1. Restricting to the range 50-60, count the residues that are under 11 Å from Leu12 (Cα atoms) and either in a helix (DSSP H, G or I) or touching a strand residue (DSSP E or B) at 6+ places or on another chain (Cβ under 8 Å) (or both).
2. Looking at this structure, is Ile15 surrounded by 10 or more Cβ atoms within 10 Å (Cβ to Cβ), at pLDDT below 90, on the phi < 0 side of the Ramachandran plot and assigned to a helix (DSSP H, G or I)?
3. When the range 53-73 is examined, which residues are found to be surrounded by fewer than 13 Cβ atoms within 10 Å (Cβ to Cβ) and modelled with pLDDT under 90?
Amino acid sequence: MARISKGGGRKLPAIMEKAVLRIKASSPGVNPYAAASSVLQKSGSLRKGTNTPTKKGVTRGAKSRAWRHAHPA
C-alpha cells in the first residue's frame, strides 16, 4: 500500500492511512482526514489533538482489518 500524507509530506500512522482510504471509498462528501482523526482519537488509537499514534494505535495499525474485527479491544 502506498503511504499517503497530508500537507507537508509527513507520513501518517498506518491505522490513520487505512481509515482515510476506507472513508474516501465509502463517503465521498466527507473530509476523510477529519473523520478518521476524530474516530481514532475517540477510540484511543491516536493522542487527543494530534495524529500521533498511541501504543494501542501502533499495535492496531500493524494488524489487518479482519484481525481487528475478530479481536476487538
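1. Number satisfying all stated conditions: 2.
2. On the way: surrounded by 10 or more Cβ atoms within 10 Å (Cβ to Cβ): yes; at pLDDT below 90: yes; on the phi < 0 side of the Ramachandran plot: yes; assigned to a helix (DSSP H, G or I): yes.
It is true that Ile15 is surrounded by 10 or more Cβ atoms within 10 Å (Cβ to Cβ), at pLDDT below 90, on the phi < 0 side of the Ramachandran plot and assigned to a helix (DSSP H, G or I).
3. Applying the first criterion (surrounded by fewer than 13 Cβ atoms within 10 Å (Cβ to Cβ)) to the range 53-73 yields 55, 62, 64-67, 69-73.
Ala62, Ser64, Arg65, Ala66, Trp67, His69, Ala70, His71, Pro72, Ala73 - these are the residues of the range 53-73 that are surrounded by fewer than 13 Cβ atoms within 10 Å (Cβ to Cβ) and modelled with pLDDT under 90.
The values are calculated or read from the model by the stated rules, or taken from the named source; none is laboratory data. Quick caveat, the model's predicted, so the values are computed rather than measured. In this analysis, Cβ positions are derived from the backbone assuming ideal geometry, glycine residues included, and neighbour counts consider all displayed protein chains.
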